[in-house]
1. Could you run the Karplus curve 6.51 cos²θ - 1.76 cosθ + 1.60 with θ = phi - 60° over the stretch B:44-52 and give me ³J(HN,Hα) per residue in whole Hz, x for Gly and Pro?
2. In units of 2.2 N^0.38 Å, what is the alpha-carbon radius of gyration of the stretch B:163-258?
3. Compute the projected area of the convex hull of the Cα atoms of chain B, averaged over all viewing directions, and report it in nm² to one decimal place.
4. Tell me the Rg and the Dmax, in Å, that the Cα atoms of the stretch B:55-177 produce.
5. Please find the FRET efficiency linking A:K138 to A:L56, where r is the Cβ-Cβ separation and R0 is fixed at 25 Å, and quote it to the nearest 0.05.
6. Order of A:R176, B:R174, B:R125, A:R131 from fewest to most other C-beta atoms within 10 Å?
7. Quick one: order B:D306, A:D40, A:D87 by neighbouring beta-carbon count within 10 Å, fewest to most.
8. Once both labels are modelled 7 Å past Cα along the beta-carbon direction, what's the B:R383-B:Y156 spacing in nm?
Amino acid sequence: MTETSTQTSKPYGIVAEFTTAASILHAAELVRSAGFRQWDVFTPFPVHGMDKAMGLRNSKVGWFTFVGGVIGYASGMIMIWYMNAFDYPIVIGGKPMFSPYSAFPPSFELTILFGAFGSLIGMLFLNRLPRLYHPLLKNKRFSLVTHDRFYVVIECDDPKYSEVETRRLLEQAGSRHIEVVED
Amino acid sequence: MAASAETTLDLVEAPIRVPQPPAELERTPLVANGRSFGWLSNRVASLIENKAPGWWWVLFSISLLGLGLLIFCMSYQISTGVGVWGDMRPAMWGWGIVNFVWWIGIGHAGTLISAILFLLRQRWRTAINRAAEAMTIFAVMCAGIYPLIHVGRVWYDWWLFPIPNANSIWPQFRSPLMWDVFAVSTYFTVSVLFWYMGLIPDLAVMRDRSKTKARQFLYGLFALGWTGSNRAWSNYEKAYLLLAGLSTPLVLSVHSTVSLDFSVSQVSGWHTTIFPPYFVAGAIFSGFGMVLTLVIPLRSIFKLQDIITIKHIETMCKVTLATGSMVGYAYMMEFFICWYSGDPNEAFHFSNRALGPYQWAWIPMILCNVLIPQLFWFKKLRRNLVLVFIVSILVNVGMWCERFVIIVVSLTREFLPSSWHYFRPTWVDIGTYAGTFGLFFTCFLLFIRFLPMIAVSEIKGVTPQADPHNPLGGAKVPQFVHEEH
């Protein structure tokens, strides 16, 4: 029992609250240049310029969309060829058994369909969602993130993390409310 | 270099005087009265959190009755046969297909708003995109019912899909009707995906402010654990952009494919190459009509005038005017091509449209689709909500007449005069059509009751305080002093 209780009280990270878009952008720049790696910014809406401030690279979702689209188009063409020209060919109106033109509209629709699934699933996969348990979601104050507040969270697992130093950095960045969240 | 250093010094010492642009060049803000993030959340969420108003229950009961009517008419039609509809040789496509095309056209405005206007960076779309996308989904549901019950033996509907069956015959992909199956089902699926993805951050908004366990659980479940992390937003925005990019050709292809159902055939009045763009323009036109019909009462009842401003209504009127005029152009072009081709069947068909027994449908078609929207050239009229509401309804009356004119007038005057006949709908036709309104409004009323009908997270992003480089967003620009006129 004592073991589990020590485990639950293990800190997850330090949370600093900001109230404006400019202050969170500035804070993100500071935290980034301080050399932290396991940290994130939480905002009610995507803040313009934040990816650059955090030093994030271009999202990889596009690859999922592309692969989905290619699979969709290829499966459409192959399916139609297999069904109408190979497995059970029937002459209809003297039209060719298989033509890329008549097979295009359904294959195009499948490109879109699979590409859309690729985008959504890729986005969820890259974001590790669905994840219904998250230490931050237990925090009462943090729930304002979907309302009107902005947060910087630096995880305790970060090699540069030290409770005193990190707190001082976030205070310098202009945060008025800083607390340590438990895992 | 020296010059720039000097300017920097100047900046520090004496403030630069920047002349302010004249008032008429200022952009109207997208959210009126400078509302805060919190206000936006509270306002939109209150529509769900407050008790359902009395009018909601009245409308919901009426819609449920309509849904009951739909289920009754469908059951009667399925158990008896398609003969209960007014479809009669040679017009084997009657109201069933008219309503299919009409409903699916209405859906197109939702995707136009969510996808095409997103790509065009029309930021005003954020106020209406959620409701318009919901409208799309429900309209496509209403549309999808018709082909499925029109086939007669609904228990064979699965033959439409490439599923192996006992006869080992596959669907015939050389027919546009088969393309339509793929277009409509893809359209529905992708619209739902797009809508749901847009909802994820807003479901998190609802989750974080829910008071009851049930709400916390359900909103929490569907919010998938969204935290608003910027690493997540980065992927989310990319996925949103890609979905918008995929939906744009999709929405253009859907009504094009629907139009190919007609134009690939030999029937006069159908066999024309203008159909795909003409159908897409008409679809967006009717969809904007429906968006206006839904949004104008909602913004007044729910007091959303600060979010859906008069500017939004005006812009939608302009889109309606533009697409209505495109439809008008297509009508003219049809007549021109008919004369230019010199085909006697076409010539007969088009004079029959305007002067024949279905003139009662042709006149409102021209009036409502081409002439009445011209009122929107005038700013005063675009800002008159009562007028806009009436016109928006007339738009859809006109578009229904257009579908009817295209389908029924062409079919009842076939190449063989001995099979000519006058189409009359039966009570089942009328009941099924009225019933789909029941389905549509049941879904829509449930939507505005349980889901945020305004994209809260998106609308927060278009306010001036969301911009980190705007003084309202906390940016410090003390050196610049605006010169007063």
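1. Result, ordered by residue: 6, 5, 5, 5, 8, 7, 5, 5, 5 Hz.
2. In units of the 2.2 N^0.38 Å rule of thumb, it is 1.52.
3. 30.6 nm²
4. For the stretch B:55-177, the Cα-based Rg and Dmax read 18.4, 54 Å.
5. The calculated FRET efficiency here is 0.45.
6. A:R176, A:R131, B:R174, B:R125
7. A:D87, B:D306, A:D40
8. 6.0 nm
A short reminder: the numbers here are calculations on the coordinates, not readings from a lab. None of the values given here were measured: they were computed from a predicted structure. Neighbour counts run over all protein chains shown; Cβ positions are idealised from the backbone, glycine included.
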